[in-house]
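The values are calculated or read from the model by the stated rules, or taken from the named source; none is laboratory data. Everything quoted here is computed from the prediction, not taken from an experiment. Ideal geometry is used to build each Cβ from the backbone, glycine not excepted, and the neighbour counts take in all protein chains shown. Note: areas computed on protein heavy atoms with side chains; ligands, DNA, RNA excluded. Shrake-Rupley method; radii C 1.70, N 1.55, O 1.52, S 1.80 Å.
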Amino acid sequence: MKKIKFLMIAAMAMIAGASFTACSSDSDDTSANQENYQTIVDNQVKAQKTKQKALLLVAFGSTWPEPFTDFDNTVAAYKQAFPDHDVFFSFSSAICRNRAAAGEHVEDLNAPKRNYYAPDLWLEAFGRVEYAEITVQSLQVIPGEEYANVVACLKGFANNTNNDLRNEYLKNVKLHMGTPLMADPDADVQNLANELHKIYGTYAEKGAMLFMGHGNPDDLDIFSANVRYTQLEEALQQKNKNYYVGTVDMMENFKTDVLERMRADGYNSGKVFCAPLMSIAGDHANNDMAGDDADWNYNDETGEYEDTSWKVFFSENEVVKNGYDCSDETMIVKGLLAYPAIRQLWINHTKAAINSEPLEWYHSNDGTE
């Protein structure tokens, strides 16, 4: 526990010393809309405030129905794990917020319309009712671009970006930041590998078990965390050589690179199972992994067939000769938050953050301390 706590504090120190673009809500929204959103969030916080501690969960977001259920179950799990906190939920993605509110999948997938407001709106509302302690938990898998945006939100709050909160309050409020699932290259990666093997071990015994992560382009690999996918693959292969971990957005770790590693290992035929290594199973899982896209547009720069799904790519086709047994039946469209044991790993990060020293991110806008 002491080691984990030390690593968490060290990670926070690194983040606090970095420079980020300030967090903001949808750029397409008018000021009037933003004021309306803030009023709605303010009213929700006022109505739901029963404790002196607030806990904000921040996911990238989705517009698919299954993730909505996963989000609801995650909130319920956090309320049970942190009974002394008021728990709230947010989307960091403006696109996901807008599309969820518009009901993108209402007709085709019977998905409800949902309003998931921006993290900065929730934090501002927390400050207005002056919670004594605020914890933000990122539901990202690796500390990449989206995590940096979440950090920027909390830093903006600590520095009174809107210049309307009391400096005396901001000097005394306790702030905590829970890191992503694989923040630490040792304990976090091993803990996730252990849980994934418990869930997917039977698939790895039957064929190749592929995980599709997101990853970041090199210029957005904020904390140099893309390597976590490679580290996870290595940890999983200690348990079974049939595990592979690729991404949709990390150079030299696309599905084409996964295929090369499989061929090099002598795995040239048999079943190929695929599952998303993402908090939820949304667009990437349903389309990029398990979809039917087969445009075969080859990108010479990345060496990737960007418009071809993993399911189609690993099947028998003109490009991948001697393909594998890969079909709808071998697609496991289920996000990480759907598994209580993996959800618990995020909860453990939250507990570690709360048990660590509060963040010292406050600097007044008027020059006073």
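Among the protein heavy atoms of the chain, carbon and sulfur supply 46% of the accessible surface, probe 1.4 Å, non-protein parts ignored.
Close amide H contacts of residue 277 (hydrogens built in the peptide plane, cut-off under 5 Å, sequence separation of 5 or more or a different chain): 212, 213. Summing charges over all other residues whose Cβ lies under 9 Å from the Cβ of residue 125, with Lys and Arg as +1 and Asp and Glu as -1, gives 0.
Taking one quarter of the surface of the C-alpha convex hull of the chain gives a mean projected area of 18.9 nm². Working from label points 7 Å from Cα in the Cα-to-Cβ sense, the residue 31 to residue 339 distance is 4.9 nm.
The alpha carbons of segment 52-105 give a radius of gyration and a Dmax of 12.2, 37 Å, in that order.
The simple spin-label model puts a point 7 Å past each Cα toward its Cβ; for residue 186 and residue 302 those points are separated by 3.4 nm. For segment 86-241, the Cβ-based charge dipole about the Cα centre amounts to some 300 debye (Lys, Arg positive; Asp, Glu negative; other atoms uncharged). Note on residue 321 and residue 265: the extension gain reaches 18.5 nm, defined as 0.36 nm multiplied by sequence separation minus the Cα-Cα distance. Quarter the surface of the alpha carbon convex hull of segment 255-354 and you get the mean projected area, 8.3 square nanometres. Model label points for residue 240 and residue 206, set 7 angstrom from Cα along the Cα-to-Cβ axis, are 1.0 nm apart.
Using a 10 angstrom cutoff on alpha carbons, build the Gaussian network for the chain and name the most mobile of 298, 267, 117. Most flexible of the set in this elastic network: 298. Taken about its Cα centre, segment 91-175 carries a charge dipole of about 180 debye when Lys and Arg each add +1 at the Cβ and Asp and Glu each add -1 at the Cβ. If you take the Cα centroid of segment 296-369 and the Cα centroid of segment 251-282, the two points sit 13 Å apart. In order along segment 278-288, the Karplus-derived 3J(HN,Hα) couplings, from 6.51 cos²θ - 1.76 cosθ + 1.60 at θ = phi - 60°, round to 9, 4, 9, 9, x, 4, 4, 5, 6, 10, 5 Hz, and Gly and Pro are given as x. Using alpha carbons only, the radius of gyration of segment 178-284 set against its Kirkwood radius gives Rg/Rh = 0.94. Note that the chain presents 45 Å² accessible area per residue, ligands and nucleic acids not counted, probe 1.4 Å.
Taking the charge dipole of the chain about its Cα centre, with +1 at Lys and Arg Cβ atoms and -1 at Asp and Glu Cβ atoms, the residue from 264, 129, 229 reaching farthest to the positive side is 129.
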